[in-house]
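Written out below as structure tokens is the structure these notes cover.
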Amino acid sequence: MSTTWETVVGLEIHVQLKTRTKMFCRCTAGYGAGENTQTCPVCLGFPGALPVLNRTAIEWTVKLGLALGCEIAPRAVFARKNYFYPDLPKGYQISQYDMPSCEDGSMIVPMPEGELTVGIVRAHLEEDAAKTVHMGGHSGRIGGAEYSLVDYNRGGTPLLEIVTAPDIRSSEEAKRFLLLLRQTVVELGISDAEMEKGTLRVDANVSVRPEGSDELRTRCEIKNMNSFNYIARGIEAEAARQIAIWEAGGEVRQETFDFDAGSGTLTPRRSKEEADDYRYFPEPDLVPVEPPAEMIERLRAELSEPPAVRVVRLGKELDLDRALVLVTGGLDRLFTATVAAGADPLAASNVIANNLVGAGVDPATVDAMELAKLVSARERIPRAAFDEAIGSSGDPGFSADPFLELEVVSDASELDPVIDAIIAANPGQAAAFRAGKEGLLGFFVGQVMKETGGQADPRAVSEIVRGKLLG
Amino acid sequence: MIDTLRLTAEEGLGLIESRQVSSAELHAAYVAAAAERDEEIHAYLRLCEATETGGVPIALKDVISTRGIETTAGSKILAGYVPVFDSTVAARCKAAGMPIIGKTNTDEFAMGSSTENSAYGPSRNPWDPTRVPGGSGGGTAAAVSGGLAPWGLGSDTGGSIKQPSALCGNVGLRPTYGTVSRFGIVAFASSLDQIGPVAKTVRDVALLYSIIAGRDVNDSTTVELPEAVELPTNESLAGVRIGIPKQVWDLAGIEPGVRASFEGAVETARALGAEIGDCDLPLSFDYGMACYYLIAPAEASSNLARYDGVRYGPRVDAPTYREMVEQTRDAGFGDEPKRRIMLGTYALSAGYYDAYYGQAQRVRTLLIREHRAALEQFDLIATPTSPTVAFPIGERAADPLAMYACDVMTIPSCLAGLPGLNIPSGRSEGLPVGLQLIGSQFGENALFRAGHALERAIGFDTVPERLR
């Protein structure tokens, strides 16, 4: 009898905070400036330069901690993590370590089979390293490179590291958790959390075990995955690799892999000769962080309904997947308002998640009353008019009314002459259709739509075409 | 003609304010004195142009960053490094109009008790040029005692202001931790480093302290002084309770002449009305040194990691990053920083942290408590500053432990974060002996009052005999 395996996943998420200035100095934090222009003696680690805490970063850390239901430490301590690397100008990274700001939280993830609760072990604040590019050589790593370029603009920007408990059991759960966490962060206004820009980075710790067991077997870490889909695929690939090892009677070794999404392969990072020893000790240049109780209470009062809770609520009205798309797309407020203005929920969800997003309209600029009118009229008005209306629905002062007056043409007396002309002009296709090539129906409908400037009702047109050719 | 050997900073300020002399003229006088005597003393690593006016010129230890002026901390690894910013203390001196005379010699990264660890050669004691001026701030102490500066700033981690002040016959203050900004100070051990004044009189020290002390937004560990600095005027010690640690009398290695000078100072204090009693600091004397030599090197191993040749300072080119860093650090650091980097790295390593660094932190807490208890009974604690007078150059250079023993009495109060003042108590074998007064946290004014009264009563002549 073959074993059924269960995947066990814990995630480490790095979120770059979008504070105006860096974690420990007054340099501007942000993208796009020329290399090494956003630097100063503090973030370049000049002799005698001292760190000074960014108050906003602390406040935002507390804010996220509260949103994730964490205990907020009355006293958090920064430590030095010591190692040599050119991206680390001081020779150490300042990071919270054994006394982080946030501990013991959780987030619910609505799944089709019920709610999953993912424990948040900790969320702590640290400074980011500089950006390095290793030139020459083929590995893209420092070993073997001819030379390396360092941009210290990123060095010292605030990073929040969020560590989950190994509560995730599948790539799908991981993906949904990350979508909701990302949305939480974005709604708190503390980060853009964009994987392509590196303001959101995720590492996954993966192990497998026979289903029903509660042991935790050796885990491996996967890094370098730059989209949620790649993370899901990376987890699946790693779980499959481990299952194959166990089933072949082998033993999984603790390793770190880079996931290559192109080939779907996992490449082990060169294992170090010795274990890392970061020689952590409390950072003597900083005093402990003691957030005042009134600040914590103010931030707690500012919290709005979490994304996961809204997914559960909307999931009762729609299905869970649609609810997740709306909430994690930042679309659910518009959806709710549109439905409140009289639109059918399913239709509203389709229009918002597909047409509106497809047209690149910012949902925050859309008047729900007008959108509701469009949603309700979408079967009635010409397709082209509907698309145009959606495209301009975010414009200031947009009104749906002029579009609602346009009706689709479904009257056979108006369509007949057009259809006859098109059949006459395409005798070859007409013959092929009659001979059984049903797919050509679309060709004729398309020609009619084109001829009528999109005002014909496609359903009526298909019926008439079919009748004329086969009847 | 300005007598740079005798002029106090306060007198210099009087001359400037009454327009009898300008600060530029004073600056020139000290530069001229350096030209005459510094070839022998080697107090300065470099002399500076006068760019400020209105204040009394000053000497700055070369761990203090000065914008546009090379700052090496006595190390080859910072040769040619010119800071783009002023340390807060340098900025405060400049704001007070004080021109910088020069940057003074120091043991490399302030690690040492004799300045023999300077990569640029030792300084010499103006009282006897065959002997050390103490360290690490031997340059500043030698400059003040040799008439090459009216006053100066040093840095004290475990005694680097107090001990050279004792060996050169100066007054020196290590302030309460957190009262003077460390921003721009080349770090040795961050939880211990403090900047403080060295001068010929307690009033000068108090005046300079009032200029540099107070909260700095660039140093998170600083605080505002709870009370303003007062220039002392009193000549009595009536009602002042002074505790003498019992352990002083049993301490091996205290020279008889030092002991005699200390006993004399205690009798003087009694005669001025002080109440003298025994206090007990057993852990401080037994474990202070060991505790210090875990905590300070641990922090140093991390603070010195930034010297990798990547961004500033000399670089030894090598085929790989790792080799470049290794060879740069090997060529740039002297033996003492290397020794302490190794000690500190070991003390912080996984598996040793609890037994060494962690344990030292626990001991430090006990030392803080022990001092607090003693200072509930007494206003001040008095000990000799150094067990010996200035020793011959080379005598201890090959024996790190003998060198470390110089600081046995200065270290414990540094670990406790408390202020300590050295004043000259007399001479032994013709060389200055220092008295250490330790105060409560933020108790600088009490130290200044007692120091001033004792200084007046003792009447020590701060000018080296051979230069009079």
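Quick notes
- From A:ILE94, A:ILE142, residue being surrounded by 20 or more Cβ atoms within 10 Å (Cβ to Cβ) and either within 28 Å of B:ALA300 (Cβ to Cβ) or over 29 Å from the mean Cα position of the chain (by Cα) (or both): A:ILE94
- Helices (runs of 4 or more DSSP H) wholly inside the stretch B:381-462 that include at least 3 residues being modelled with pLDDT under 95: B:400-404
- When residues in the stretch A:412-426 are screened for being within 50 Å of the chain's Cα centre (by Cα) and in contact (Cβ under 8 Å) with a residue 24 or more places away in the chain, 7 of them pass.
- Pairing residues of the stretch A:436-454 that are under 11 Å from A:ALA384 (Cα atoms) with residues that are in a loop (DSSP other than H, G, I, E, B), at Cβ distances under 8 Å and at least 6 apart in sequence or on separate chains, gives A:GLY453/A:PRO382; A:GLY454/A:PRO382.
- Inspection of the stretch B:180-197 identifies at least one residue that is more than 14 Å from every other protein chain (Cβ to nearest Cβ) and closer than 21 Å to B:ASP62 by Cβ.
- B:ILE2, sole failed condition from (1) of a type in the set (A, V, I, L, M, F, W, C); (2) at pLDDT 95 or above; (3) surrounded by fewer than 23 Cβ atoms within 10 Å (Cβ to Cβ): (2)
- For the stretch A:48-91, a tally of residues being of a type in the set (Lys, Arg), part of a loop (DSSP other than H, G, I, E, B) and away from chain B (no Cβ under 11 Å) returns 1.
- Among the residues of this structure, B:SER160 does not count as one that is of a type outside the set (Val, Ile, Thr), closer than 22 Å to B:SER425 by Cα, in contact with a helix residue (DSSP H, G or I) (Cβ under 8 Å, 6 or more places away or on another chain) and not in a loop (DSSP other than H, G, I, E, B).
- Where strands (runs of 3 or more DSSP E) fall entirely within the stretch A:218-321, those with at least 3 residues that are surrounded by 15 or more Cβ atoms within 10 Å (Cβ to Cβ) are at A:220-225, A:256-260.
- Checked against the criteria, B:GLN359 counts as polar (S, T, N, Q) and surrounded by 16 or more Cβ atoms within 10 Å (Cβ to Cβ).
- The residue list B:GLY172, B:GLY178 contains one member that is small (Gly, Ala, Ser) and in contact with a helix residue (DSSP H, G or I) (Cβ under 6 Å, 6 or more places away or on another chain), which is B:GLY172.
- Taken over the stretch B:436-446, the criterion of being within 15 Å of B:ASN170 (Cβ to Cβ) and in contact with a Pro (Cβ under 7 Å, 6 or more places away or on another chain) is satisfied by B:GLN436 alone.
- Only one of the numbered conditions (1) surrounded by 16 or more Cβ atoms within 10 Å (Cβ to Cβ); (2) within 14 Å of another protein chain (Cβ to nearest Cβ); (3) over 26 Å from A:GLY189 (Cα atoms); (4) out of contact with any helix residue (DSSP H, G or I) (no Cβ under 8 Å at 6 or more places or on another chain) is violated by A:GLY45, and that is (4).
- Cβ separations smaller than 6 Å between residues 6+ apart or across chains give the following pairs from the stretch A:274-297 residues that are away from chain B (no Cβ under 11 Å) to residues that are surrounded by fewer than 17 Cβ atoms within 10 Å (Cβ to Cβ) and not hydroxyl-bearing (Ser, Thr, Tyr): A:GLU290/A:ARG75.
- Test for B:SER284: is it of a type in the set (Ser, Thr, Tyr) and under 25 Å from B:TYR352 (Cβ atoms): yes
- Scanning the stretch B:434-468 for residues that are of a type in the set (S, T, N, Q) and surrounded by fewer than 24 Cβ atoms within 10 Å (Cβ to Cβ) turns up B:SER440, B:GLN441, B:ASN445, B:THR462.
- Candidates in the stretch B:98-116 are the residues that are part of a loop (DSSP other than H, G, I, E, B) and aliphatic (A, V, I, L, M); of these, the one that is surrounded by the most Cβ atoms within 10 Å (Cβ to Cβ) is B:MET111.
- Scanning the stretch A:1-25 for residues being part of a loop (DSSP other than H, G, I, E, B) and among the hydrophobic types (A, V, I, L, M, F, W, C) gives a total of 5.
- Which listed residue, of B:ALA119, B:ALA95, is without any contact (Cβ under 8 Å) to a residue 40 or more places away in the chain and surrounded by fewer than 24 Cβ atoms within 10 Å (Cβ to Cβ): B:ALA95
- B:SER160 vs. criteria more than 15 Å from B:SER113 (Cβ to Cβ), away from chain A (no Cβ under 14 Å) and touching a residue at least 12 places away in the same chain (Cβ under 8 Å): no
- In the stretch B:185-244, the residues that are of a type in the set (Lys, Arg) and assigned to a loop (DSSP other than H, G, I, E, B): B:LYS200, B:ARG215
- Single residue of A:ALA129, A:ALA73, A:ALA123 found to be touching an Asp or Glu at 6+ places or on another chain (Cβ under 8 Å) and closer than 20 Å to A:CYS27 by Cα: A:ALA129
- Residue in the stretch B:254-271 that is buried (at least 17 other Cβ atoms within 10 Å of the Cβ) and free of Cβ contacts under 8 Å to residues at least 60 places away in the same chain present: no
- Among the residues of the stretch B:307-335, those identified as assigned to a helix (DSSP H, G or I), surrounded by fewer than 20 Cβ atoms within 10 Å (Cβ to Cβ) and either within 10 Å of chain A (Cβ to nearest Cβ) or not hydrophobic (A, V, I, L, M, F, W, C) (or both) are B:ARG322, B:GLU323, B:MET324, B:GLU326, B:GLN327, B:ASP330, B:ASP335.
- Residue check: A:VAL339 meets all listed conditions (1) over 20 Å from the mean Cα position of the chain (by Cα); (2) assigned to a loop (DSSP other than H, G, I, E, B); (3) not assigned by TED's automatic domain parsing to the domain that holds A:PHE78 but one, namely (2).
- Of the helices (runs of 4 or more DSSP H) that lie entirely inside the stretch B:1-97, those containing 2 or more residues that are hydrophobic (A, V, I, L, M, F, W, C) and within 14 Å of chain A (Cβ to nearest Cβ) span B:88-95.
- Residue within the stretch A:379-389 that is of a type outside the set (Phe, Trp, Tyr), buried (at least 22 other Cβ atoms within 10 Å of the Cβ) and more than 25 Å from A:VAL311 (Cα to Cα) present: yes
Residue-wise test of (1) closer than 29 Å to B:CYS168 by Cβ; (2) crowded, with 22+ Cβ neighbours inside 10 Å; (3) within 14 Å of chain A (Cβ to nearest Cβ).
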residue	(1), (2), (3)
B:LEU348	no, yes, yes
B:ARG369	no, no, no
B:ARG372	no, no, no
B:PRO387	yes, no, no
B:TYR404	yes, no, no
B:ALA416	yes, yes, no
B:LEU421	yes, yes, no
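- Number of residues in the stretch A:202-217 that are over 10 Å from A:THR7 (Cα atoms) and assigned to a strand (DSSP E or B) equals 4.
The values are calculated or read from the model by the stated rules, or taken from the named source; none is laboratory data. All of these numbers come straight from a predicted model, not from anything done at the bench. A quick note on method: Cβ atoms are made from the backbone with ideal geometry, for glycine too, and the neighbour counts reach across all protein chains shown.
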